[in-house]
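Let me begin by presenting the structure, written as structure tokens, before commenting on it.
The values are calculated or read from the model by the stated rules, or taken from the named source; none is laboratory data. All of these numbers come straight from a predicted model, not from anything done at the bench. Here the Cβ positions follow ideal geometry from the backbone for every residue, glycine too, while neighbour counts run over all protein chains shown. Side chains included, ligands, DNA and RNA excluded: accessible areas come from the protein's heavy atoms. Shrake-Rupley method; radii C 1.70, N 1.55, O 1.52, S 1.80 Å.
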Amino acid sequence: IVLTADSASKAYDGTALTDSGYKITTGAFVGNDGLAGVTVSGSQTFAGSSDNTITGHTLAEGTKDQNYSITYKQGTLEVTQASIAITITADSGTKTYDGTALTKNTYTSTGTLAAGDTISSVTLTGSQTDAGDSANTAKAAVIKHDGTDVTANYKITYADGTLTVNPVAIVLTADSASKAYDGTALT
């Protein structure tokens, strides 16, 4: 009798793929003989494949081990790369001109990360010193799952923010003056 562990596949979602199923692929038990249980172990979380292996079995009551030659055949667990949509938008910022550069090193993200995944870093570039506007650009995001880089499972779209420096409002007020009439212009 050959017991074969089931095979299974799915797209990456951050959770482990397991399958405890099996089939009798060769032979058959006689009469009321049979199996009480089969232990199958295997797990695949990230894109790739691994063995799904039968690690043991127990016979049903009354089934004699010496009457059967039971062997195991492994199955395969395969996780395929996903294409999860995420948008990362660099934050915008505004200030009044003060001679120093305006930068904004924060961002927002939309879309749903797979279970256990986090955005570990995003590169943000943008700087505005003089009055005016310029882009705050997000790029090069890294997404990790328990320290493992899983960025390849994401379709990441980036959106710019805007850095705005407003001019300083300055009011110039002419002086006032007075004098008694003396025939000359007062300036």
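Cβ separations smaller than 9 Å between residues 6+ apart or across chains give the following pairs from the stretch 164-187 residues that are without any contact (Cβ under 8 Å) to a residue 24 or more places away in the chain to residues that are open to solvent by 80 Å² or more (accessible area, probe 1.4 Å) and not hydrophobic (A, V, I, L, M, F, W, C): A177/T187; L186/S178; L186/K179. Restricting attention to the stretch 138-163, the residues that are β-branched (V, I, T), crowded, with 16+ Cβ neighbours inside 10 Å and assigned to a strand (DSSP E or B) add up to 3.
Scanning the stretch 1-59 for residues that are assigned to a loop (DSSP other than H, G, I, E, B), open to solvent by 70 Å² or more (accessible area, probe 1.4 Å), in contact with a strand residue (DSSP E or B) (Cβ under 7 Å, 6 or more places away or on another chain) and more than 30 Å from I84 (Cβ to Cβ) returns no hits. Criterion first (over 30 Å from D13 (Cβ atoms) and surrounded by 13 or more Cβ atoms within 10 Å (Cβ to Cβ)) does T173 satisfy it? No: the conditions fail for T173.
For beta carbons closer than 9 Å, sequence separation of 6+ or different chains, a first residue in the stretch 97-118 that is in contact (Cβ under 8 Å) with a residue 24 or more places away in the chain and surrounded by 12 or more Cβ atoms within 10 Å (Cβ to Cβ) and a second that is among the acidic types (D, E) and not in a loop (DSSP other than H, G, I, E, B), there are no qualifying pairs.
Given the criteria in a strand (DSSP E or B) and either at pLDDT 95 or above or out of contact with any strand residue (DSSP E or B) (no Cβ under 7 Å at 6 or more places or on another chain) (or both), does I170 qualify? So I170 does not fit the description; no.
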